[in-house]
Structures are given as structure tokens and as C-alpha cells.
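Nothing in this text is a laboratory measurement; each read-out follows from the coordinates by a stated rule. Everything quoted here is computed from the prediction, not taken from an experiment. Every residue, glycine among them, receives a Cβ derived from its backbone with ideal geometry; neighbour counts consider all protein chains shown.
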Amino acid sequence: MGKISYRLVFNRNNKLNAQGKALIQVEAYLERRKIYFSTHIHLKPNQWNRKKCMVVRHPEADALNYYLQESMMKLEQKEMEIWRRGREVTLEILKQELNPEKEHSFLSFVREEIASSTMKESTRKNRNTTLQLLSQYKPHLAFDEVTSGFVHDFEKFMYKKGLEMNTVAKHLKHLRIFINAAIRQECMNGQNDPFRGYKIKTAPYKHVFLLPEEVGKLENLKLADVGPSLEHTLDAFLFCIYTGLRYSDFIALSEKNMVEIEGNSWIIFHSVKTGVEVKLPVYLLFEGKAWQLLCKYEGRWKGFFGLKSNTSVNYDLETIGKIAGIGKHFTFHSARHTNATLLMDQGVSITTIQKLLGHRNVSTTQIYAEIMGKTIVKDLTRIP
């Protein structure tokens, strides 16, 4: 047996995915036979130089080219390792040695897919949550077991765990992404796509927000004697009502985001979810109440922004809501909805609210206008 030769191949199947991208693979060639190893990197055709076999015109071109060279080096190192053990190297042995589970384990594939991706950290966490649910439901899952029946049963499993419809839908969409990746990389047969003809059910999203009088009840609460944890949660929640911050953006804040412009206090940050830069004039918003809270925690900002998990915070808010006598269920994200509806109630233009919330499209912000309209109609119909 001779030595295996390796090269990078782009778009071997001459087919682009829905994003107009194709996979880069490492081709291993030995004695007129070839096998292919995925690099998990997808590019647009204009981002690949076929002659030089390298990534071009990509913001992470250098890092990706380094990763691709590393991928080929790992294959060569594994080949040498097999030789040193005195075994004859074949393409099949190389493939088996590199990833003994991949032929049969869908979960191993998903784990590797998430780990090697360039997705945002928030997206990675969401995908890992889906992976955890899959592992709980079926710890050992072969590719050929991922059928339409499996999808149905996995859906039932999530409902039994008490997950809401839209949460179940989110995890099913992640599962569909994993399956599509496996099909693209020829680990699964596209003709047997489990989601073909399968409709993911969703419920209309309810934007829960607090009315001005309910916000007033929270502002008047004295929780210092009840416990510092509840007081911290309440202050963080009110801060996000005044600023419209998401939980992910709040816990990512630090002193460097506090900026003074012409003697006035601003918060400037890039949204964790969208990457959009947001500039908030905290000295103007809601009479500077957010800045007053920052002053309360001056010298302890790291602790203030170091809020516990979103789930734990929502449990705290349930308790706080009962203490305040608010007869509705609300979560930390309700602060953002409350911010938008209160600003709209004050007559702030929708384009300004769009900028304050960091929405890419005004159509997203328009949802709050529709909510306010429905609320006004509902309130007016109560008047005798």
C-alpha cells in the first residue's frame, strides 16, 4: 500500500444550499479510490479559490485557511500513527480510526457540528440545549433511527416534560437544521428526510407587558428585608424596563459600556443576539431612572450585571409579582415589551423605538403598535 494523498475539494456535488453555500471537504486518495471528510465549513462560490485551494474574500479567511490546513494535517498524523502501530493503512481504516462513532451516531455528529461551527455563542447555547434534550430522550441514536416516527416521539417527549408549544417548535427547528447538515454531508439519505411533509406547530406569541400602574407597584416595593436576591432581581428587571435590554445584553454589560457624552450618561453596546450597535441616552429615558439604579450600585456594577440564570430570575419574578399584587404572569423578557409599549404610550415615534431596541427592521417594532391598538380597543369597550 502507498501513501494517501490529500486535497481540499469545494462543492463536490455541484449543488448550493439555501444560503447559496457549499461544503469544503478533504479528499483522501489511495489506489484509485477516494473518500471524503467534512470540514464543516460552508462558503459561497466567490469565497473559494479553486487553483490555490484556499478561502478568499471572507472576513475570517485567515482563520478558516489555518483550520483547513489543520484538518489535513490531522488526517496525515492519524495515517502515520496507524503505520507506527504496524497496521496496513486503508481508506476504510483511516475513516474508522478518525471517528469510530460517526458512521452510526447522530448525536456525535450533532456535537461535532455545534463545536466546530462559527455561530454566535447565544445560538450555540440554544443548539446545545436541543442536543441535551435529544441525549435525554435517546442517549444512543444512530443515523438510521432518525425517522419521521422519531421526530413525532421526540415531540411528545418534550410536551411531557412540560415545554410550551413554541419552545418545542424551536427545538424541532434545531433538529431539522441538524438533519439537513447530515444530509448535506451525506451521513443521511435526503430521500428519507424525516421532516418531509412534517409541519412544526407554533402558537401565536404573546407579548406580555406591564401597564404603568403595575410598573408603579414594582417601583414602590421594598424588598430589602425580604432578601437581597429578590431586591437584585427587581432592580435588574426595572433597569431593563427603563432601557429595553434583553437578559443576554444586560448580563453582558460592563463599565466600558457606560459612556459620558457632553456631560450626559449613555449606555452603548452591541446586541448579543443581533450584533446591532445600540445607543441609549439613560439620562433621558424615563426621567433617568436607569441611571439612578446604576448610582445605587456604584462600585458594584459587576455584581449588578452578574445576574443569576434567566430561569432562576423568572422564578424570582413570579414571587415578586405575587408580593406586588400583579395578577399576571410575566418574565424577564416582559421588561423589553413593557419598555416598548410605555414609550409608544408616551408618543415616541416607532423609528426611534426601533433604534432604542436595536431592531433591524421596523416591522419587528410595529408589533408593539398593534398590541397597543388592541389594548386601547379592549379598554375602551369596558367603558359603560
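By other beta-carbon atoms within 10 Å, ranking 334, 349, 105 with the fewest at the front produces 349, 105, 334. Fewest neighbouring Cβ atoms within 10 Å first, the residues 27, 60, 155 line up as 60, 27, 155. The convex hull of the Cα atoms of the chain, projected and averaged over all directions, covers 26.2 nm².
Which entries in the list 322/355; 120/160; 21/120; 170/199; 52/120; 217/322 go over 23 Å, if you measure between the two C-alpha atoms of each? Too far apart for the 23 Å limit: 322/355; 120/160; 52/120. About the centre of its Cα atoms, segment 5-98 shows a dipole size close to 420 debye [charges on the beta carbon of Lys, Arg (+1) and Asp, Glu (-1) only; nearest 20 debye]. Of the GluC sites (Glu not before Pro) found in segment 223-305, those in coil by DSSP whose Cβ has at most 11 other Cβ atoms within 10 Å are 262, 298. Taking Cα centre as origin and charging only the Cβ of basic (Lys, Arg, +1) and acidic (Asp, Glu, -1) residues, the dipole magnitude of the chain rounds to 1240 debye. Are there trypsin sites (Lys or Arg not before Pro) in segment 123-188 that DSSP puts in a loop and that have at most 14 other Cβ atoms within 10 Å, and which ones? Here the sparse-neighbourhood loop sites are 161. In order along segment 178-183, the Karplus-derived 3J(HN,Hα) couplings, from 6.51 cos²θ - 1.76 cosθ + 1.60 at θ = phi - 60°, round to 4, 5, 4, 5, 5, 5 Hz, and Gly and Pro are given as x.
Rounded to the nearest whole Hz, the Karplus-based 3J(HN,Hα) values (6.51 cos²θ - 1.76 cosθ + 1.60, θ = phi - 60°) of segment 300-316 follow the sequence 10, 4, 4, x, 5, 6, x, 6, 5, 4, 4, 4, 5, 4, 5, 5, 4, with x at glycine and proline.
Taking the fewest neighbouring Cβ atoms within 10 Å as the starting point, the ordered list for 179, 261 is 261, 179. Across segment 133-138, coupling constants 3J(HN,Hα) worked out from phi with the 6.51/-1.76/1.60 Karplus curve, θ = phi - 60°, read 5, 4, 5, 5, 6, 8 Hz, and Gly and Pro carry x.
Placing +1 on the Cβ of every Lys and Arg and -1 on the Cβ of every Asp and Glu, with nothing else charged, gives segment 106-192 a dipole about its Cα centre of roughly 360 debye. Bridging of residue 296 to lysines at a Cα separation below 17 Å is possible for 222, once same-chain residues fewer than 8 apart are set aside.
Taking a sphere under 15 Å around the Cβ of residue 149 and counting the other residues whose Cβ falls inside, with K and R at +1 and D and E at -1, yields a net charge of -2. Distances between placed amide hydrogens fall under 5 Å for residue 210 paired with 338, all partners being 5 or more residues away or on another chain.
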